[in-house]
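Below is one structure, written out as C-alpha cells; comments come after it.
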C-alpha cells in the first residue's frame, strides 16, 4: 500500500497543506481573496505564520496550489470515466466553468498574480502523500501524473490529434496557446461586462475548438 511508503513526517506535511487549502477555499466562498489574511488561516489551522510560509512562501502561492490540486482532481476524474480526446477537453472546460463561478475571486487573483510577476511562477508541487490523501481509495493514484492546466489540455489535444478528431491543425502548442488566451480573456470580459462566466467561456472555447 502507498501508506506503507510514507513517513509520519510526509503524512503530517500533506495533511497540513491540504488543511490550509481547505480552509482558504471555505473562506473564498464568502470573501474576496484580498480580504483573506494569513493570520486568519493560521488561527483556524492552529499553526504559526512561520509554518504557513514554510509551505507557501507568499499568500498568493495558495492560488497556485489550489489550481494544481484542482488539475490533479480533474485528471483522476477523467481517468475514472475513461474520457479521451475532445470529450476530455470539453469535460475539463465544463468543470473549469464551474470553478470560475464558485471561486471567481480566486481565478481573477490568480490571473493578476501571473500578470504582475516579473518571472514565470513555479507551481507548488503535489507529493505522493497528498495524492493518497486526496484519493485514498483509488488504486492507480500513485501512477497518476500531476499536470498543470495547460499540460492537461496539451495531453488531451494530442489524443484528439492521434484519434483524428482534430484534422485542421497539428501544432498542439499553438492550440493550447489559443485556448488559454481565450480562457483568460473570457474570464476578464465576463467580469467587466457582468456576464455569466461559464456560459461565455463555453461559447468562446467551443468556437475555438471548431477551428481545430
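The values are calculated or read from the model by the stated rules, or taken from the named source; none is laboratory data. Since we're looking at a predicted model, the values are computed, not measured. As a convention, Cβ positions derive from the backbone with ideal geometry for all residues, glycine included, and neighbour counts pool all protein chains shown.
Details
- Subset of the stretch 143-172 [within 30 Å of residue 20 (Cα to Cα) and not in a helix (DSSP H, G or I)]: 144, 145, 146, 147, 148
- Among residues of the stretch 128-142, those that are closer than 14 Å to residue 77 by Cα and part of a helix (DSSP H, G or I), counted: 5
- Criterion (within 15 Å of the chain's Cα centre (by Cα) and surrounded by 14 or more Cβ atoms within 10 Å (Cβ to Cβ)) met by exactly one of 107, 166, 161: 107
- The lone exception for residue 125 - which of (1) surrounded by 14 or more Cβ atoms within 10 Å (Cβ to Cβ); (2) under 17 Å from the mean Cα position of the chain (by Cα); (3) not in a helix (DSSP H, G or I) it fails: (1)
- Count of residues meeting criterion [free of Cβ contacts under 8 Å to residues at least 24 places away in the same chain and either surrounded by fewer than 17 Cβ atoms within 10 Å (Cβ to Cβ) or not in a helix (DSSP H, G or I) (or both)] in the stretch 173-195: 10
- The residue pairs whose first member lies in the stretch 60-86 and is touching a residue at least 40 places away in the same chain (Cβ under 8 Å) and at positive phi, whose second member is in a loop (DSSP other than H, G, I, E, B) and surrounded by fewer than 20 Cβ atoms within 10 Å (Cβ to Cβ), and whose beta carbons are closer than 8 Å, counting only pairs six or more residues apart or on different chains, are 85/163; 85/165.
- Within the stretch 45-84, the only residue that satisfies the criterion of being crowded, with 19+ Cβ neighbours inside 10 Å and more than 19 Å from the chain's Cα centre (by Cα) is 52.
- Residues located in the stretch 101-117, provided they are modelled with pLDDT of 95 or more and not in a helix (DSSP H, G or I): 103
- Number of positions in the stretch 136-146 that are buried (at least 17 other Cβ atoms within 10 Å of the Cβ) and closer than 26 Å to residue 57 by Cα: 1
- Here is the figure for the stretch 12-52: residues that are in contact with a helix residue (DSSP H, G or I) (Cβ under 8 Å, 6 or more places away or on another chain) and in a helix (DSSP H, G or I) total 26.
- Of the residues making up the stretch 13-34, those that are farther than 18 Å from residue 48 by Cβ and loosely packed, with under 15 Cβ neighbours inside 10 Å are 22, 26, 29, 30, 31, 32, 34.
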